[in-house]
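*Asks:* Pasting in a structure now, in structure tokens, and then I'll have a few things to ask.
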Amino acid sequence: MDSKKSQTIRIVIADDHPIFRDGLRRLLESEANVKVIGEACDGAEAVKLARQLKPDILLLDLAMPRHPGLEALREMNSAAGGNPVRVILLTAAAEKNQIVEALQLGARGVVLKDSATQLLLKAIQTVVAGEYWVGRESVSNLVQYLKNLVQSSGDEARQKKFGLTPRELEIVSTVVAGYSNKEIAEYFKISEDTVKHHLSNIFDKLGVSTRLELALFAVNQSLPLKVIV
């Protein structure tokens with residue numbers, strides 16, 4: 001038997017649902033060459049365990065309430081020496097832009113939570129072998145895959161506008177142009193409270209928390225913005 005295949009794969013699971021973690025651990029450990037060496041309930045704990053235990057694979061939930069998966073990935077990626085741990089993101093559903101960002105931040109795989117156990121095991125074996133895994137398939141040419149994803153993400157953004165109303169898109173345009181809340185209120189002849197209400201809705205819809213993140217999101221996703229002068 002290939003020595004790589006018979007070698008034990010050491011795994012850390014990071015997910016905020018204890019029942020899911022427990023079930024996943026039991027499924028994984030039913031495999032002869034897989035051992036779960038740690039469990040984390042949020043991204044901060046996942047980063048800590050990854051650094052302490054140096055597992056072969058970190059299975060990281062994308063949507064944890066405190067310190068979500070992408071934030072944990074950013075933290076590991078920005079550390080000195082980058083991220084030596086191979087990360088597979090687990091997600092119930094992922095927008096293409098999230099997958100693009102995850103892979104750019106160093107994730108080696110993205111697996112849907114409704115996947116069959118055998119598919120997850122295949123993904124783990126693929127990533128351990130140095131390849132990438134996204135959705136239900138292995139990816140050998142990551143650069144080309146990312147180019148295609150970035151292109152299709154931009155197309156989708158232009159079509160669906162992420163659920164933003166025409167007025168919300170106008171507000172985003174002024175934020176990108178560097179306007180303050182007071183200046184936005186004067187520009188549209190509305191109250192500052194109304195501006196704050198619009199921004200709160202926009203932040204919720206796009207999953208961002210600061211004006212800078214909003215501006216970066218708008219530019220990266222090619223939102224159809226107005227030129228504000």
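The values are calculated or read from the model by the stated rules, or taken from the named source; none is laboratory data. If you're wondering where the values come from, they're calculated on a predicted model, not measured in any experiment. Neighbour counts are summed over all protein chains in view; Cβ atoms, including those assigned to glycine, are modelled from backbone coordinates with ideal geometry.
*Asks:* Could you run through the stretch 11-36 and say how many residues are surrounded by 20 or more Cβ atoms within 10 Å (Cβ to Cβ), charged (D, E, K, R) and under 16 Å from A123 (Cα atoms)?
*Replies:* Residues in the stretch 11-36 being surrounded by 20 or more Cβ atoms within 10 Å (Cβ to Cβ), charged (D, E, K, R) and under 16 Å from A123 (Cα atoms): 0 in total.
*Asks:* Turning to a different aspect of this structure: In this structure, does E156 turn out to be of a type in the set (D, E, K, R) and at pLDDT below 90?
*Replies:* yes
*Asks:* So, one more: From the set of residues in the stretch 124-145 that are at pLDDT below 90 and among the hydroxyl-bearing types (S, T, Y), which is farthest from A94 (Cα to Cα)?
*Replies:* By that ranking, first place goes to S140.
*Asks:* State yes or no: is E213 closer than 21 Å to V110 by Cα, among the charged types (D, E, K, R), modelled with pLDDT under 90 and not assigned by TED's automatic domain parsing to the domain that holds L112?
*Replies:* No: the conditions fail for E213.
*Asks:* Among the residues that make up the stretch 163-181, is at least one of them free of Cβ contacts under 8 Å to residues at least 24 places away in the same chain and in contact with a Ser or Thr (Cβ under 6 Å, 6 or more places away or on another chain)?
*Replies:* Checked the stretch 163-181: no residue is free of Cβ contacts under 8 Å to residues at least 24 places away in the same chain and in contact with a Ser or Thr (Cβ under 6 Å, 6 or more places away or on another chain).
*Asks:* Take the stretch 197-229 and flag every residue that is over 19 Å from G163 (Cβ atoms) and over 25 Å from the mean Cα position of the chain (by Cα).
*Replies:* The answer is V227, I228, V229.
*Asks:* Which numbered condition in (1) among the hydrophobic types (A, V, I, L, M, F, W, C); (2) closer than 25 Å to L149 by Cβ; (3) surrounded by 20 or more Cβ atoms within 10 Å (Cβ to Cβ) is the only one that A93 fails?
*Replies:* All conditions are met except number (3).
*Asks:* From V111, V100, V127, grab the single residue that is touching a Lys or Arg at 6+ places or on another chain (Cβ under 8 Å) and closer than 20 Å to L149 by Cβ.
*Replies:* Exactly one residue qualifies, and that residue is V127.
*Asks:* So how many residues does the stretch 106-117 have that are surrounded by fewer than 20 Cβ atoms within 10 Å (Cβ to Cβ) and farther than 22 Å from I19 by Cβ?
*Replies:* Of the residues in the stretch 106-117, 1 are surrounded by fewer than 20 Cβ atoms within 10 Å (Cβ to Cβ) and farther than 22 Å from I19 by Cβ.
*Asks:* For a quick check of your reading: which strands (runs of 3 or more DSSP E) sit entirely within the stretch 109-223 and have at least 3 residues that are under 28 Å from P65 (Cβ atoms) and either touching an Asp or Glu at 6+ places or on another chain (Cβ under 9 Å) or not small (G, A, S) (or both)?
*Replies:* 109-112, 132-135
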